[in-house]
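The values are calculated or read from the model by the stated rules, or taken from the named source; none is laboratory data. A quick note: this is a predicted structure, and the numbers were derived from the prediction, not measured. Counting neighbours? That spans all protein chains shown, and the Cβs are built from the backbone with ideal geometry, glycine included.
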There are 4 protein chains.
Amino acid sequence: MTGGVAAPRPIDVGVLGATGMVGQQFVRQLAGHPWFRTVWLAASERSEGRSYGDVAWRLSGAPPEEVRALRIDACVPGRGPRLVFSALDAAAAAEIEPAFAAAGHIVMSNARSYRMEPDVPLLIPEINPTHLGLLDAQRRNRGWRGAIVTNPNCSTVVLAMVLAPLRRFGLRSALVTTMQAVSGAGYPGVPSLDILANVIPFIGGGEEDKIETETCKILGDIAGSLVTPHLVTVSAQTTRVPVVDGHTEAISLAFDGRPSVDEVRDALASFSGEPQALELPSAPERPIVLSTADDRPQPRRDAGAGNGMTVTVGRVRRCPILDIKLVALGHNTIRGAAGAAVLNAELMHAMGRLEGD
Amino acid sequence: MTGGVAAPRPIDVGVLGATGMVGQQFVRQLAGHPWFRTVWLAASERSEGRSYGDVAWRLSGAPPEEVRALRIDACVPGRGPRLVFSALDAAAAAEIEPAFAAAGHIVMSNARSYRMEPDVPLLIPEINPTHLGLLDAQRRNRGWRGAIVTNPNCSTVVLAMVLAPLRRFGLRSALVTTMQAVSGAGYPGVPSLDILANVIPFIGGGEEDKIETETCKILGDIAGSLVTPHLVTVSAQTTRVPVVDGHTEAISLAFDGRPSVDEVRDALASFSGEPQALELPSAPERPIVLSTADDRPQPRRDAGAGNGMTVTVGRVRRCPILDIKLVALGHNTIRGAAGAAVLNAELMHAMGRLEGD
Amino acid sequence: MTGGVAAPRPIDVGVLGATGMVGQQFVRQLAGHPWFRTVWLAASERSEGRSYGDVAWRLSGAPPEEVRALRIDACVPGRGPRLVFSALDAAAAAEIEPAFAAAGHIVMSNARSYRMEPDVPLLIPEINPTHLGLLDAQRRNRGWRGAIVTNPNCSTVVLAMVLAPLRRFGLRSALVTTMQAVSGAGYPGVPSLDILANVIPFIGGGEEDKIETETCKILGDIAGSLVTPHLVTVSAQTTRVPVVDGHTEAISLAFDGRPSVDEVRDALASFSGEPQALELPSAPERPIVLSTADDRPQPRRDAGAGNGMTVTVGRVRRCPILDIKLVALGHNTIRGAAGAAVLNAELMHAMGRLEGD
Amino acid sequence: MTGGVAAPRPIDVGVLGATGMVGQQFVRQLAGHPWFRTVWLAASERSEGRSYGDVAWRLSGAPPEEVRALRIDACVPGRGPRLVFSALDAAAAAEIEPAFAAAGHIVMSNARSYRMEPDVPLLIPEINPTHLGLLDAQRRNRGWRGAIVTNPNCSTVVLAMVLAPLRRFGLRSALVTTMQAVSGAGYPGVPSLDILANVIPFIGGGEEDKIETETCKILGDIAGSLVTPHLVTVSAQTTRVPVVDGHTEAISLAFDGRPSVDEVRDALASFSGEPQALELPSAPERPIVLSTADDRPQPRRDAGAGNGMTVTVGRVRRCPILDIKLVALGHNTIRGAAGAAVLNAELMHAMGRLEGD
């Protein structure tokens, strides 16, 4: 990774919920980061005091060398560095994240707890960097010295990336069927007896509702301290499939503007945003890549595109019912979780939003 | 299996393409059948003369005892019994099936070659038994003493079963995303390197087109010797998933009549047809079963319902874009192939259509 | 299933731990049994009072019709019928099973807790029916009116079935590498993130030790109230593989008697025991079947042989280091758990051991 | 990759059989290599003249940018550069490789065809770099200006790497059960219907024989132009499991010298060879890494260690029958194929064996 913005000295960062599956993904995502240096790892009391290198590592390989000796701390506000990434589950996040924000921490949260709060940015840097403008209201409303900034649900982000460049065509509705990887459910997550050689046509925790509502907020316009949700109607059917990483989404779209297939392809392929302009370290060269092969994108072969930050789209064609159909794929634990939050923090740093109190 | 129609002596049947994957499914499906007795197995010249018990058996267990000693014959018209089941691939079927029909055989075909011919029944006994009326025109047009009767593509049948009882609500469009099992691709079929822990968003051989066109013919009305296709618009996105048996379909539906969710549920659950009325041996007690659990139907757990002949439906609810969405599942090699053809033959026997020349 | 021993009226049976994965397997195994009728289902207090039909069913299909209306009771000794099958986990079994035995119940246990107790039969009816002779000592030693009879670990049973008929050749050592299905770990069991497209070379809970010790007890001789373990040395390496049902075992064997490959094959193929002689309802016609194909046995295709009660053996050949190597396969939740315990109970009934107080 | 040996200008290399699965692995392995530059890609006549970028790419992502524009040539001796990597299958290799060697090419072959020829090095640079001494005899015997150098079968290499450092203890026998990934079978390779949720206890093409014989040659001593095979007896049982990359091997070992578990662990962990001493670009820092976790090595999590060139070993412990047992894992398409051949070429370059005519 190389970044376009000079970082004279590394910025210390911490991870809340560092021992869980998502926490481990944060730790790996931050390893060797050109701007950020992981100096603080916090988890539940059960792990307190252990060396991070002794934690049961669920990802491939072993924990990064640079954090193996770190002692795991408790999630106590004020203890870690100003910038913390939160891999807490929703219940823990609901309590702990505001306490950290109140104590002056910038919390980059992957939890769903505050995503839909009117004064909390639900950020995808390519799409809605201006939503960081909500932070002023957030601090005013809540009296926090710090802040909470969230990234979307791992399925939402893939859909929103596809829809963003297509808003210009009068986007009216998006019907999506997801085929989601098991890593999206954390650890232990999905029992193998449920998913081996099987499909589960349901994902708990309000997955479909998240996709249907988060998308509209992400694509919405901000005016003052108010985000007006985009009016696109989203209908989601989520399923779990026996895939390790990468959410695949079959999407049908209706537009008021009746774009041609080629216009849609061009809009997707030429999509670019602030992360690309600012050359943020985690930004993929192209946020969306169009597959030319008929049988792509495929999660096992394409989820890693752009170091897991590129959304791959294929099979763009007419839909006989709505207007256009296509297949999109994104890496759910990178673009859909840890990479998303890190990119958010990079954007904030590049915009002077991290240091700016 | 018990049949409601007396079968004083067994009817001899044969299988064309008996050594391939689909052929083996026919052989297994016919084993122990109360009306039919497998007496003739034909395949390509490569296998001619071998004992059927020596063929590499791809299904679970071993070939049925009753056919192990049968010598494999060549696919020569006139050699086998009057009623033959065809497991030939499309290219072979295009040539061989009409030759058999011309020679007086009744060919129950699983191939796609003649499904869309105007004078060939594309039969699902619960839905369109009257389409057998096309046979008179077929014989007249083609000068055949025998006949070709086809069953639908393995994904089409699941969709058509769901749509049939919903036609009464003014069915207008059906948008379907399939997640199809590898057994649908035959043997050797899908390479494991393509599908292990993966999803392939494309199925060759015109799969999506088959679903979009066959469905309309199946649901159509017959008048004289003409089937008028149903006007429902179908949009299909097919995918392959690492599942052994059972095609899962996420379906969204639009209706002119705006039925309630409960009306749709009732129409599905109460669906029944000629196979049930006639108590055909392969007919499931209920052609459609509604799942009550949120996370069903699942291919590994539900494809076997009704001995593989029942379509299981779950998650019936409002669709914010079209009207209703739901998930349906059927066993692709039983209800979608061998079981379908056998049920077709049972219907013809019960209606006096097998003997009737 | 048909039984060779008349059962004038059904024997009432219960299941301890009926809501868990193994408990559900017992319920399914007992459904439609010609001798036993499931009248009592017990589980932890959390489930008490609910209808069994409302339990989350983990197996394929749905709970058997005949037990759906049963109210779940607590595991309180004295409440259920005399004969109870125990699907309790080891910790619960250690406490609850002796309480039931003391209260007069015959406990057919699948738990490991009492398997290695000197006065508890570790029973495989084809191998050591005489070990039921331990029950007199058990009652004397412990003052129980009832009894505990155990079946082996799900990997042990496959190995022991293979070794039993080969003892005659001076069996000296058995080196086994297992490839075990996820259903052997119960529910939720193995996280899908651990096992999708992966192998785990370790199974907790002392799996290897169980195989190495239980086997010797099972193959041992009984004299009076003492079982002398067989002197075979067993070395086990257990692994978990992404398979649903069926444990595969690669086995190398050393013998003092240097049998030929054909002698070993003949001994395996001709193996038979009391269950076959007595025509017990769950007894497979042949306890061991030899595969002729090079690439069998395979768990997905062969685990169901003999309704899951047959062990399939293939690839019998010389081992350049020990004497003979082969591959064996058994259904871990049927022959290795629920089916094993039911067969044990059938044997006891046929030998007059159930009624005999 | 960084190399310890200066490479003033890149060495041109070609790939025979470049469009197949193994060929694609070679192309990927060579992409960005510090010494070698891929300038020539050859395949069967069917592909001749097409751009390499248009070939159906079976690996993750897309073909390397640097080779996309290369025109595919026919496998005609004399056309490509001096150094060619052969990804040909055995039948093609048997004919084509000697023609290339005769024409002056150095053929680094992954095929089995010439591995066991007495005058052909079967090379693992950490183990037997001196076997390159066979090349003089090879040229003399065969009148070739070029040469054939082979790497072992993908399962053999894992076993040989484990055995090499243990020879000092009087290694007598090695009993191995493999659990092999599907990528070892090429493309289309293993049908998904055979391997989804299954184990196949057999691998064709003489897999077990290769492991049993190649290992002895690799571990043998060279004197003059003769390699005397090591006397270790190897017994192999190979199986295929539903894993994408990484062969897992359960190994039991007997020694005359009765080493302790710790001595074995130390010998493995401290193993190092010429590639490490010469700092060859593809050499892993440590050829063997010992896992500390009980449940490792696992193919999905550990096959990538050392960029796929490290063999990971775990669970080293006493075997009650032989002396020591352990589990080993290596990446079958990198350390077991393309990476192996590239490392061989690097060794030859560093030893002046590439340029030396």
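Descriptive notes on the structure:
- Filtering the stretch C:20-78 to residues that are on the phi > 0 side of the Ramachandran plot and either touching a residue at least 12 places away in the same chain (Cβ under 8 Å) or in contact with a Ser or Thr (Cβ under 8 Å, 6 or more places away or on another chain) (or both) leaves C:GLY32, C:GLY49, C:GLY78.
- Near pairs, Cβ below 7 angstrom, 6+ apart or cross-chain, from the stretch C:166-192 (closer than 17 Å to C:THR213 by Cβ and more than 10 Å from every other protein chain (Cβ to nearest Cβ)) to any residue that is at pLDDT 95 or above and assigned to a helix (DSSP H, G or I): C:LEU171/C:LEU163
- Among residues that are more than 8 Å from every other protein chain (Cβ to nearest Cβ) and either surrounded by fewer than 18 Cβ atoms within 10 Å (Cβ to Cβ) or not aromatic (Phe, Trp, Tyr) (or both), C:SER252 is not included.
- Of all residues making up the stretch A:147-188, the number that are crowded, with 24+ Cβ neighbours inside 10 Å and in a loop (DSSP other than H, G, I, E, B): 4
To keep it simple, each residue is scored yes or no on (1) assigned to a strand (DSSP E or B); (2) more than 25 Å from the chain's Cα centre (by Cα); (3) surrounded by 14 or more Cβ atoms within 10 Å (Cβ to Cβ).
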{"site": "C:GLY14", "(1), (2), (3)": "yes, no, yes"}
{"site": "C:ALA18", "(1), (2), (3)": "no, no, yes"}
{"site": "C:VAL22", "(1), (2), (3)": "no, no, yes"}
{"site": "C:GLN25", "(1), (2), (3)": "no, no, yes"}
{"site": "C:ARG28", "(1), (2), (3)": "no, no, yes"}
{"site": "C:HIS33", "(1), (2), (3)": "no, no, yes"}
{"site": "C:LEU41", "(1), (2), (3)": "yes, no, yes"}
{"site": "C:GLU66", "(1), (2), (3)": "no, no, yes"}
{"site": "C:VAL76", "(1), (2), (3)": "no, no, no"}
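- So D:ALA93, is it surrounded by fewer than 17 Cβ atoms within 10 Å (Cβ to Cβ) and away from chain A (no Cβ under 14 Å): no
Yes/no per residue for (1) under 18 Å from B:GLY61 (Cβ atoms); (2) in contact with a strand residue (DSSP E or B) (Cβ under 9 Å, 6 or more places away or on another chain):
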residue	(1), (2)
C:PHE271	no, yes
C:GLN276	no, no
C:GLU285	yes, no
C:THR292	yes, yes
C:ARG300	yes, no
C:ALA303	yes, yes
C:ASN307	yes, no
C:THR312	yes, yes
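- Taken over the stretch C:1-55, the residue count meeting the criterion of being modelled with pLDDT of 95 or more and within 14 Å of chain A (Cβ to nearest Cβ) is 2.
- Of residues in the stretch D:304-323 being within 10 Å of another protein chain (Cβ to nearest Cβ) and over 16 Å from the mean Cα position of the chain (by Cα), the one farthest from C:THR233 (Cα to Cα): D:GLY314
- Among residues of the stretch B:215-242 being hydrophobic (A, V, I, L, M, F, W, C) and free of Cβ contacts under 8 Å to residues at least 60 places away in the same chain, the one that is farthest from B:VAL182 (Cα to Cα) is B:ALA223.
- Condition met for A:THR213 (away from chain C (no Cβ under 14 Å), surrounded by fewer than 24 Cβ atoms within 10 Å (Cβ to Cβ), among the hydroxyl-bearing types (Ser, Thr, Tyr) and over 21 Å from B:ALA293 (Cα atoms)): yes
- Subset of the stretch D:286-303 (residues that are closer than 24 Å to C:LEU196 by Cβ, of a type in the set (A, V, I, L, M, F, W, C) and either crowded, with 19+ Cβ neighbours inside 10 Å or away from chain C (no Cβ under 14 Å) (or both)): D:VAL289, D:ALA303
- C:GLY143 vs. criteria touching a residue at least 12 places away in the same chain (Cβ under 8 Å), touching a strand residue (DSSP E or B) at 6+ places or on another chain (Cβ under 9 Å) and of a type outside the set (Asp, Glu): no
- Matching residues in the stretch A:197-208 - criterion: being more than 11 Å from chain B (Cβ to nearest Cβ) and part of a helix (DSSP H, G or I): A:GLU207
- Single condition A:SER86 does not satisfy, out of (1) modelled with pLDDT of 95 or more; (2) surrounded by fewer than 15 Cβ atoms within 10 Å (Cβ to Cβ); (3) of a type in the set (Ser, Thr, Tyr): (2)
- When B:PRO121 is tested against (1) of a type outside the set (A, V, I, L, M, F, W, C); (2) buried (at least 24 other Cβ atoms within 10 Å of the Cβ); (3) in contact with a helix residue (DSSP H, G or I) (Cβ under 9 Å, 6 or more places away or on another chain); (4) under 22 Å from B:THR238 (Cα atoms), just one condition goes unmet, and that condition is (4).
- When C:ALA92 is tested against (1) free of Cβ contacts under 8 Å to residues at least 60 places away in the same chain; (2) in a helix (DSSP H, G or I), only condition (1) is not met.
- Number of positions in the stretch C:162-178 that are closer than 14 Å to C:THR238 by Cα, in contact with a helix residue (DSSP H, G or I) (Cβ under 8 Å, 6 or more places away or on another chain) and not β-branched (Val, Ile, Thr): 1
- Of the criteria (1) crowded, with 24+ Cβ neighbours inside 10 Å; (2) within 12 Å of another protein chain (Cβ to nearest Cβ), which one D:ILE334 fails: (2)
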